[in-house]
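Step one of this worksheet: look at the structure below.
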Amino acid sequence: MIRNYLPKDVQQLVHWYERYISPISLVAGFLADNYILLRRVDLWRSNALLFFYLAVCACGILLLNALESGKIKSERVRSWAPLIPVVVQFSFGGLFSGYLSLYSRSAGLFRSWVFVVALALLLLGNERFTRLYTRFSFQISLYFTVLFSFFIFFLPVIVHQIGPVIFLVSGCFSLAVIAFLLWLLSLISPQIEEAERAKVAKSVGAIFIIFNALYFLNLIPPLPLSIKEAGVYHAVSRTPDGTYKLTGEAAPWYESLIYDEIFHKQAGENVFVFTAIFAPSGLTTPIIHEWQHYDVASKSWTTEAKVTFSIVGGRDGGYRGYSQKYNVTEGRWRVNVLTQYGTLIGRVGFNVTNTSSTQTYITTEE
C-alpha cells in the first residue's frame, strides 16, 4: 500500500512535487536572501552564494547538452536527468532573487524602476521556465543576463572603483565568460552549438546593448552603493564621539510613502538634508547633494545648489553626511543624491511652508 504513495522514478517525483516546490522555494529563497544571506554586497558569504549559483547553472547547462548530444551513456546518470532542469531553475531563481534583493535596496525607484521590475518579472517567470531550460539559446541568454548582472556590482567591490569604465569592463568580463562556456559546449555538443550559434550571437548581442542602454540612461541602480537613511531636518550636528544628532518634525511613518514631507520653516531658519550611504570596504567616492526647487510657472525643476563630499566605504549603516541650504523659499523641493557621474542613488522630497507658530521637534541619533 505504501508503494502506491511513492513515486516510481525521478521523472514522476518531479512531476508530482514541482508545483509545490517552486512557490515554496521562491518565497523561502527571497526571504533568506533579503534578510540573512545577502545583507551586504561586499561580504564574502554573499558573493560565495552567488558564485555557487552561477557554477551550478553552468554545470547544469553543460550536463543538459551532454545528455542531449548522447555524450553521457550511463543509465544511472540519465535516470536523474529530469532533475537537472529543476536544479538549474532553482539556481537561476536564487540568482534573480538575490539580485532583486540587492538592486532594490540600491537607490529609490525613481529612475531605476525599469531594471528592478525586469528582475522581478524574471524571478516570477522563472517558476514557469522549467521546460525552456532544455533549449540551448534560452540557456545561454539567461546565463549571460545573470553574469552581467553579477559583474556590474562584483567588479567595483574588487577594484574599489565605480563608473562607466568599470561598467564596460564588467560587460567584457561577461562576454569572455560566455565565450568560454560556448567553447566548452562546442566540444561537448558541436552539432547543437553550431546550429544555434547565430541565434545565440543575436540574443547575447541584444542583451549586451540593452544593459548598456539602461546603464547610460541611469536606469540601472548604482550598486554597490545604496542609501541606508535619508531625510530633511531642522538641525544636524555631529558630536565628539562621532554620533549625528538629527532634529526634525514628528510625522507618521507612512507620510513619506504617500506624499512629500511638510517642512514648517521659521524665519531665518536653514534646511538640512542628511544621508547615510553604504559603500563596500575600500571604496572612496564623491557624492553630490543636488538641491532643486520646483518652478510652478515653467513646471520644471531648477537646480539651486550642488554640495559635494566624499564617502568612505565599510560602515554597515552607511557613511553619514549632510548639506544645508540658506534662504529656502516656500514650495516643493527635492535633494537628489548622486554619484559623481550623475547616477541617482536616492532622493529626499519635501514641501516648505513658512510659519511663525511653535513646532514640536524630536531629536534622534544616527
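The values are calculated or read from the model by the stated rules, or taken from the named source; none is laboratory data. Fair warning: this is a prediction, and the values are worked out from it, not measured in the lab. Don't worry about glycine lacking a Cβ; one is built from the backbone with ideal geometry, like all the others, and counts go over all protein chains shown.
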Residue, farthest from GLU196 (Cα to Cα), within segment 139-149, restricted to residues that are out of contact with any Ser or Thr (no Cβ under 8 Å at 6 or more places or on another chain) and not hydroxyl-bearing (Ser, Thr, Tyr): VAL146
Assess whether LEU219 counts as being over 30 Å from SER323 (Cα atoms) and in contact (Cβ under 8 Å) with a residue 24 or more places away in the chain. no
Being surrounded by 12 or more Cβ atoms within 10 Å (Cβ to Cβ), of a type in the set (A, V, I, L, M) and more than 30 Å from LEU155 (Cβ to Cβ), is that true of even one residue in segment 287-309? yes
Restricting the search to segment 326-366, which residues are surrounded by fewer than 13 Cβ atoms within 10 Å (Cβ to Cβ) and within 30 Å of GLN161 (Cβ to Cβ)? GLY342
Any idea how many residues of segment 331-366 are in a loop (DSSP other than H, G, I, E, B) and over 26 Å from the mean Cα position of the chain (by Cα)? 6
Which helices (runs of 4 or more DSSP H) does segment 74-148 wholly contain that include 1 or more residues that are closer than 29 Å to LEU338 by Cβ and at pLDDT below 70? 83-105, 109-126
Against the definition (surrounded by 16 or more Cβ atoms within 10 Å (Cβ to Cβ) and more than 19 Å from ALA235 (Cα to Cα)), how does PHE274 come out, yes or no? no
With the structure loaded, tell me whether ILE210 is hydrophobic (A, V, I, L, M, F, W, C), farther than 30 Å from SER356 by Cβ and either in contact with a strand residue (DSSP E or B) (Cβ under 6 Å, 6 or more places away or on another chain) or part of a strand (DSSP E or B) (or both) or whether it fails that test. no
